[in-house]
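Values in this text are rule-based calculations from the coordinates and carry no lab data. Predicted model only: the values in this text are computed from it and were never measured. So basically every Cβ, Gly included, is an ideal-geometry build from the backbone, and we count neighbours across all protein chains shown.
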Amino acid sequence: MSIQASEIKWYKSAVVSDTSGNGGTLSVHECLDGVKNNVWPDVSQAERISGSVKYRKTFIKVANDDDLALINPLIFVETRTPGDDSIVLLLGTQTDTQAQVVGYTRFYGAAGLDVNAEAGDATLLVQVEAGNGLGGHDIFRNGDLLRIADTTSVESGDGNVEFVRLAASNAVSWNGNQATLTLASGVVLANAYLATRGKVASVIEADDIEASVSNWSESSAAGTYNEVTSPVGLDHIGSIEQNWTITFTSGTQFNCYGNTLGLVGNGTIGGSAFAPNNPDFNKPYFTLANGSPPWGGTWVATETIQFTTHPAAVAIWEKRTVPEGANSFSGNKVVVAITGESA
């Protein structure tokens, strides 16, 4: 079965704060759709008067029990905030924090269509929020993939949606907060859009979302584990970002440690497959096969295997800018969405 919408879940980062340590790795705390303050705190009166800039990191996790990858994921701001604030996206890593992201300069966001667009048009005229143009967040750049829509919501199906590519050079021309966007050679709009409904977003084109392993190394003089013919098994629900160390306590027995979790279990060559359980989801962090192969040679105490697992998730930062003197707005929200394909 293909990946279902219910299996695409948003999670908070390990640290949620307004400090340089904000962000980090994937947490177990889900951001439930439609719940107030699921990502952003309320804006205080002091913030509205003085203005503020804050960051929040979320992870989009593919919690598919068949461990299917989400292929060619596209992430975008579907609906801008109706308040005076603005939110742009940045592509993060599995471990980065606010101390790093403040230096990122590749922003993605959404604009409103400024004039009606007709089917066959190769240019678009859009209006961005203050600070999201040239010299600010610069949300449109040469070669960007754009999402153009006039639907009332991301899942409504009551209008048109299409993805088009901007030209590789000279694609964006600014006049204040108004941008003229030129599509790639030979690309034209398939549909017509009214300025009163049209939404134009620059799109994050992320790598396929699936759990993975990196940095495999073995310290043994004579022992082997063939991770090529018997790759580490990864569970899209249970796998996390972690550096693992398998430490042998004898020629056949070993302990397993995570860099933040500590001891998670022990195994025996010739016993069952080693699959330490993630108690937060009752799924394995990973699975090592047993038997010969993949185990070979002679292992001795203190020898190790080290590797890193990465979850089936992509990290997305949101940056919220509240301008000085912003008006109060009840029920303010932003809608961030993802689309993709599965096998």
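Taking the Cα centre of region 173-265 as origin, sum charge times position over the Cβ atoms of Lys and Arg (+1) and Asp and Glu (-1), and report the length of that vector in debye to the nearest 20. Roughly 480 debye, rounded to the nearest 20. Distances between placed amide hydrogens fall under 5 Å for GLN242 paired with THR309, all partners being 5 or more residues away or on another chain.
Using the Karplus relation 6.51 cos²θ - 1.76 cosθ + 1.60 with θ = phi - 60°, the per-residue 3J(HN,Hα) values for region 157-172 come to x, 9, x, 10, 9, 8, 10, 9, 9, 6, 4, 6, 8, 6, 7, 10 Hz, with x marking Gly and Pro. Converting phi to 3J(HN,Hα) with the Karplus coefficients 6.51, -1.76 and 1.60 and the offset θ = phi - 60°, region 225-235 yields 9, 8, 7, 7, 7, 10, x, 4, x, 10, 9 Hz in sequence order, with x at every glycine or proline. In terms of the mean number of neighbouring beta-carbon atoms within 10 Å, the peptides 311-319, 166-174 order highest first as 311-319, 166-174. With a cut-off of 17 Å on the backbone N, the residues of region 281-296 near the modelled label site 7 Å out from ASN226 along Cα-Cβ are 288-296.
Its Cα gyration tensor gives region 103-227 an equivalent ellipsoid, and the semi-axes of that ellipsoid, as √(5λ) in whole Å with the largest first, are 39, 18, 14.
Computed from backbone phi, the HN-Hα couplings of region 200-215 come to 10, 10, 7, 10, 7, 9, 7, 5, 3, 9, 7, 5, 8, 10, 9, 6 Hz, rounded to whole numbers (Karplus: 6.51 cos²θ - 1.76 cosθ + 1.60, θ = phi - 60°; Gly and Pro given as x).
Hull volume per residue, based on the alpha-carbon atoms of region 212-310 and their convex hull, is 85 Å³. Along the Cα-to-Cβ line of VAL15, 7 Å from the Cα, sits a label point; which residues in region 59-94 have backbone N less than 15 Å from it? In region 59-94, the label zone of VAL15 (backbone N under 15 Å from the point 7 Å along Cα→Cβ) covers 93-94.
When the helices in the chain are scored as -39500 (n - 2.57) per DSSP H run of 4 or longer and the sum is shared across all residues, what 222 nm value do you end up with, to the nearest 500 deg cm²/dmol? Mind showing how you got there, number by number?
Numbers: 2 runs with 10 residues, N = 343.
Helix-only estimate at 222 nm: -500 deg cm²/dmol.
Taking amide H atoms as placed 1.01 Å from N in the peptide plane, the amide H of ASP208 lies under 5 Å from those of ASN72, each 5 or more residues away in sequence or on another chain.
Between the listed residues THR95, PHE140, GLY109, the Cα displaced farthest toward the positive end of the dipole of region 92-142, a dipole computed from Cβ unit charges relative to the Cα centre, is found at THR95. Of all aspartates and glutamates in the structure, those lying under 13 Å Cα to Cα from LYS283, and not within fewer than 8 positions of it along the same chain, are ASP65, ASP66, ASP67, ASP235. Straight-line reach from LYS54: which lysines fall under 26 Å, measuring Cα to Cα and dropping same-chain residues less than 8 apart? Correct list for LYS54: LYS9, LYS12, LYS36, LYS199, LYS319, LYS333. Charges were assigned to the Cβ only: +1 to each Lys and Arg, -1 to each Asp and Glu. The resulting dipole of the chain about its Cα centre is roughly 580 debye. Summarising the label geometry, the points placed 7 Å from Cα in the beta-carbon direction at THR151 and MET1 lie 2.2 nm from one another.
Backbone N atoms of region 1-32 closer than 16 Å to the 7 Å Cα→Cβ label point of ASN215 belong to residues 24-26.
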